[in-house]
Amino acid sequence: MSTISYSDKIPNNVNLSEDRTLQRALEQWQPNYLSWWADMGPDGSQDFDVYLRTAVSVDPQGWAQFGHVKMPDYRWGIFLNPAEKDRKIHFGDHLGQAAWQDVPGEHRANLRRIIVTQGDTEPASVEQQRHLGLTAPSQYDLRNLFQVNVEEGRHLWAMVYLLHKYFGRDGREEGEALLERRSGEQDNPRILQAFNEKTPDWLSFFMFTYFTDRDGKFQLCALAESSFDPLARTTRFMLTEEAHHMFVGESGVSRVVQRTCAAMNELKTDDPAKLRAAGVIDLPTIQRYLNFHFSVTIDLFGADESSNAATFYSSGLKGRFEEGKRTDDHQLKGRTYRIINAVNGQLVEREVPMLNALNEVLRDDYIQDSIGGVERWNKVIEKSGIPVRLKTPHKAFHRNIGALKGVKVSPDGRVISEGEWAAQVDQWLPSASDRAFVRGLMGRVVEPGKFANWIAPPVMGINRQPVDFEYVRFA
Ligand SMILES: [Fe+2]
Ligand SMILES: [Fe+2]
């Protein structure tokens, strides 16, 4: 069951050849996917041989095989975690009943929406990152970018499989639409705003993979609890791939910070102008990028009060983060949760029914998790003997959804006037000149073992290969 069949046109561990209709539908979607990849996948890199990992089984041990492949030849396919025998629904109104192997009619529209929204983020991030290969700071980083890209492509496959198998003609139409929307395009944008932002430079890429791929982790964790068993099994396998994306982000930012600290000590200065002249990214600029990506990403969890969130939970479609490990009644009726409102120039907490606040619950779990890596970045700064610390901004800062939408709040959580915001915003979010400076630093470094000046080399290579391994062979 856990072995993946690579003899099929579409690698899979779901016995695809036994369902001819589904197989045919997916084989019709496949060339459309490949032409999307040719148009919107990594720019100018289709002929490179890239040292990629490919899933060969879904066992926790040894699912990955490494080798040089051209990205368009990557074996995208359909991999589900093995079924759990007699799995039961473990939260919501149907608690204790058998998990669904098919989509219940009354939940069809909501499940379809959930799967399409998740699916849409996967090709969106590939589109956002498609030009980054042209300015990679090293072969090692270039390879990591491409690994993330092919796996996001596979995540799209995972969602399209569910749409085709369980949603009939509607599902097939959604599968096509997923290839038609484009990140940042006026007429037909991606569904969620963070996936329409540009990822114009590598500092943005590392922040994105640290913060926004972590949103992916939390959404997938919530869906991995779903009563709709095929969705739970699909997302569990996606999570094993997601871990690498967050590693790329965390280690990437860490190496930028390390290089900056080394330059600060060499030059005995914390003056951003002097550090920029030396070709490294000053810590205040890194903090502003952090503020931007953190605030844009926490918006992805949705409005703080949401009747949809209550419906998704009570009907068993989407659980909480680590639902199975929690010890409450898993129904949450009569329980409350605190959310933040701005009232008369103050942030005040207000208790609301917890079921309606489940977006906020997931957001708070996310915030807790994302602070961990920031503290590890701070360890790098501390080790260098520099007194500065990076910090995630207050969760009311720079928000664009729910009760805090548009309220002007400083990173330390003070409600401020429009005037103060306008005067300070360039200290808090990347300014046009910050972005221009970072963009100006980007230049292609592709000689094995060489790294751009603004980033430190990693401690080790990929899959125990040396750091100067030939991760990408150029055509
Ligand atoms: Fe993904
Ligand atoms: Fe990801």
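The values are calculated or read from the model by the stated rules, or taken from the named source; none is laboratory data. Not measured: the values here are computed from a predicted model. Cβ sites come from the backbone with ideal geometry, for glycine too, and all protein chains shown count toward neighbours. Calculation scope for accessible area: heavy atoms of the full protein, side chains included, ligands and nucleic acids excluded. Shrake-Rupley method; radii C 1.70, N 1.55, O 1.52, S 1.80 Å.
Per-residue answers, yes or no, for (1) assigned to a helix (DSSP H, G or I); (2) open to solvent by 10 Å² or more (accessible area, probe 1.4 Å):
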| residue | (1), (2) |
| --- | --- |
| ALA342 | no, yes |
| LEU347 | no, yes |
| ALA357 | yes, no |
| GLU360 | yes, no |
| ASP364 | yes, yes |
| ILE367 | yes, yes |
| GLY372 | yes, yes |
| LYS379 | yes, yes |
| VAL388 | no, yes |
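With respect to LEU142, is the statement that it is more than 16 Å from ligand 2 (Cβ to nearest atom), crowded, with 23+ Cβ neighbours inside 10 Å and aliphatic (A, V, I, L, M) true? Spell out the reasoning first.
On the way: more than 16 Å from ligand 2 (Cβ to nearest atom): yes; crowded, with 23+ Cβ neighbours inside 10 Å: yes; aliphatic (A, V, I, L, M): yes.
So LEU142 passes the test.
Take the conditions over 20 Å from the mean Cα position of the chain (by Cα) and either modelled with pLDDT of 95 or more or of a type outside the set (S, T, N, Q) (or both) and apply them to GLU266. Does it pass?
Numbers: over 20 Å from the mean Cα position of the chain (by Cα): yes; either modelled with pLDDT of 95 or more or of a type outside the set (S, T, N, Q) (or both): yes.
Yes, satisfied.
Could you look through segment 152-187, keep only residues that are under 24 Å from the mean Cα position of the chain (by Cα) and hydroxyl-bearing (Ser, Thr, Tyr), and pick out the one that is surrounded by the fewest Cβ atoms within 10 Å (Cβ to Cβ)?
Of everything passing the filter in segment 152-187, SER183 is surrounded by the fewest Cβ atoms within 10 Å (Cβ to Cβ).
Test of understanding: among PHE437, PHE451, PHE397, which residue is assigned to a loop (DSSP other than H, G, I, E, B), among the aromatic types (Phe, Trp, Tyr) and either over 19 Å from ARG288 (Cα atoms) or open to solvent by 30 Å² or more (accessible area, probe 1.4 Å) (or both)?
On the way: PHE437 fails: assigned to a loop (DSSP other than H, G, I, E, B); PHE397 fails: either over 19 Å from ARG288 (Cα atoms) or open to solvent by 30 Å² or more (accessible area, probe 1.4 Å) (or both).
Testing whether each residue is assigned to a loop (DSSP other than H, G, I, E, B), among the aromatic types (Phe, Trp, Tyr) and either over 19 Å from ARG288 (Cα atoms) or open to solvent by 30 Å² or more (accessible area, probe 1.4 Å) (or both) leaves just PHE451.
Would you confirm whether any residue within segment 96-118 is among the hydrophobic types (A, V, I, L, M, F, W, C), open to solvent by 20 Å² or more (accessible area, probe 1.4 Å), part of a loop (DSSP other than H, G, I, E, B) and touching an Asp or Glu at 6+ places or on another chain (Cβ under 9 Å)?
No, because not a single residue in segment 96-118 is among the hydrophobic types (A, V, I, L, M, F, W, C), open to solvent by 20 Å² or more (accessible area, probe 1.4 Å), part of a loop (DSSP other than H, G, I, E, B) and touching an Asp or Glu at 6+ places or on another chain (Cβ under 9 Å).
So which residues in segment 258-277 are of a type in the set (Ser, Thr, Tyr) and not in a loop (DSSP other than H, G, I, E, B), if there are any at all?
Going residue by residue through segment 258-277, those that are of a type in the set (Ser, Thr, Tyr) are 260, 269.
Once the filter is applied, which keeps residues that are of a type in the set (Ser, Thr, Tyr) and not in a loop (DSSP other than H, G, I, E, B), segment 258-277 yields only THR260.
When THR235 is evaluated against the numbered criteria (1) open to solvent by less than 30 Å² (accessible area, probe 1.4 Å); (2) more than 12 Å from ligand 1 (Cβ to nearest atom); (3) assigned to a helix (DSSP H, G or I), which criterion, by number, is the only one it fails?
For THR235, the failing item is (2).
Looking at (1) open to solvent by less than 20 Å² (accessible area, probe 1.4 Å); (2) of a type in the set (Phe, Trp, Tyr); (3) closer than 30 Å to TRP454 by Cβ, which is the one condition that is false for PHE292?
(1)
Just to be sure I understand the filter: pairs with C-beta atoms under 8 Å, separated by 6 or more residues or on different chains, first member in segment 230-247 and modelled with pLDDT of 95 or more, second member of a type in the set (Gly, Ala, Ser) and within 11 Å of ligand 2 (Cβ to nearest atom). Which pairs pass?
HIS245/GLY216
Quick one: how many residues across segment 459-475 are loosely packed, with under 15 Cβ neighbours inside 10 Å and touching a Gly at 6+ places or on another chain (Cβ under 9 Å)?
1
For segment 119-139, what are the residues that are outside any helix (DSSP H, G or I), closer than 20 Å to GLY440 by Cβ and within 16 Å of ligand 2 (Cβ to nearest atom)? Break it down stepwise before answering.
So the first thing to find is which residues in segment 119-139 are outside any helix (DSSP H, G or I), and the list is 129-131, 136-138.
Filter again for closer than 20 Å to GLY440 by Cβ, leaving 129, 131, 136-138.
Listed by number, the list holds a single entry, GLN129.
Looking at the structure I just gave you, is VAL148 farther than 20 Å from LEU22 by Cα and either buried (at least 24 other Cβ atoms within 10 Å of the Cβ) or within 16 Å of ligand 1 (Cβ to nearest atom) (or both)? Talk me through it step by step, then tell me what you get.
Values: farther than 20 Å from LEU22 by Cα: yes; either buried (at least 24 other Cβ atoms within 10 Å of the Cβ) or within 16 Å of ligand 1 (Cβ to nearest atom) (or both): yes.
Taking the combined requirement at face value, the residue satisfies it.
Quick one: in segment 250-262, which of the residues that are out of contact with any Gly (no Cβ under 8 Å at 6 or more places or on another chain) and open to solvent by less than 10 Å² (accessible area, probe 1.4 Å) is farthest from ligand 2 (Cβ to nearest atom)?
CYS261
Find the residue count for segment 101-145, including only residues that are among the β-branched types (Val, Ile, Thr), closer than 22 Å to PHE211 by Cβ and within 16 Å of ligand 1 (Cβ to nearest atom).
From segment 101-145, those among the β-branched types (Val, Ile, Thr) are 103, 114-117, 121, 126, 135; that's our starting set.
Still in the running and closer than 22 Å to PHE211 by Cβ: 114, 117, 121, 126, 135.
With within 16 Å of ligand 1 (Cβ to nearest atom) added as a condition, the list becomes 114, 117, 121, 126.
Matching residues across segment 101-145 total 4.
Going by what's in this entry, would ALA222 be described as over 13 Å from the mean Cα position of the chain (by Cα) and part of a helix (DSSP H, G or I)?
Values: over 13 Å from the mean Cα position of the chain (by Cα): yes; part of a helix (DSSP H, G or I): yes.
When the stated conditions are applied, ALA222 passes them.
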